[in-house]
1. Working only within segment 15-33, note down all residues that are touching a strand residue (DSSP E or B) at 6+ places or on another chain (Cβ under 7 Å) and assigned to a loop (DSSP other than H, G, I, E, B).
2. Which of the residues spanning segment 60-76 are surrounded by 10 or more Cβ atoms within 10 Å (Cβ to Cβ) and without any contact (Cβ under 8 Å) to a residue 12 or more places away in the chain?
3. Report whether or not Ser36 is of a type in the set (Ser, Thr, Tyr), modelled with pLDDT of 95 or more and exposed (fewer than 15 other Cβ atoms within 10 Å of the Cβ).
4. Of a type in the set (A, V, I, L, M, F, W, C) and under 19 Å from the mean Cα position of the chain (by Cα): does that describe Ala48?
5. Are any residues in segment 45-66 under 24 Å from Arg81 (Cβ atoms) and among the β-branched types (Val, Ile, Thr), and if so, which ones?
6. Restricting to segment 34-65, what's the tally of residues that are under 19 Å from Ala78 (Cβ atoms) and outside any helix (DSSP H, G or I)?
7. (1) in a helix (DSSP H, G or I); (2) free of Cβ contacts under 8 Å to residues at least 60 places away in the same chain; (3) surrounded by 10 or more Cβ atoms within 10 Å (Cβ to Cβ); (4) of a type outside the set (Asp, Glu): which one isn't true of Val12, the others all being true?
Amino acid sequence: MLKREKEGPDRVFHALADGNRRAVIERLTRGPATVSELAALLGVTVAAAVQHIRVLEDSELVRSEKVGRVRTCQIDTAGLRGAEAWLRRQRTAWEHRLDRLGAVLDDQSKEQES
């Protein structure tokens with residue numbers, strides 16, 4: 001099977017599929033944190049935390065900056081905006097489909113009453 005590179009919302013949903021990465025996002029909503037703080041939060045090594053952060057950075061959910069030996073992470077909303085736009089399009093499409101289904105069912109109900 002051909003492996004396809006993840007793009008746009010695929011990257012975001014892949015990143016958010018992992019509970020540890022969701023925990024990082026939840027923590028960062030309260031403000032910036034160092035990689036060491038995030039590793040302690042997750043109960044993993046700094047190396048493992050860095051791997052999670054890389055996935056979050058690739059999906060544009062997190063950005064980090066290194067000053068000296070300390071890497072600090074913070075939320076990046078670009079990835080969420082792309083996923084939100086995709087979800088909005090899906091919601092609109094499904095609302096239209098359900099509206100059409102409702103109209104068909106109403107018509108059938110009226111025909112049966114006649």
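The values are calculated or read from the model by the stated rules, or taken from the named source; none is laboratory data. Keep in mind that this is a model prediction, so the values were computed, not measured. Note: ideal-geometry Cβ built from the backbone for every residue, glycine included; neighbour counts use all protein chains shown.
1. Thr29, Pro32
2. Hit for segment 60-76 is Glu65, nothing else.
3. So Ser36 passes the test.
4. So Ala48 fails the test.
5. Of all residues in segment 45-66, those under 24 Å from Arg81 (Cβ atoms) come to 52-65.
Scanning segment 45-66 gives Ile53, Val55, Val62.
6. Number of matching residues: 7.
7. For Val12, the failing item is (2).
Listed here are the residues, each with its yes/no results for (1) hydroxyl-bearing (Ser, Thr, Tyr); (2) loosely packed, with under 15 Cβ neighbours inside 10 Å; (3) not in a helix (DSSP H, G or I).
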site	(1), (2), (3)
Gly79	no, no, no
Gly82	no, no, no
Thr92	yes, yes, no
Asp99	no, yes, no
Asp107	no, yes, no
Lys110	no, yes, no
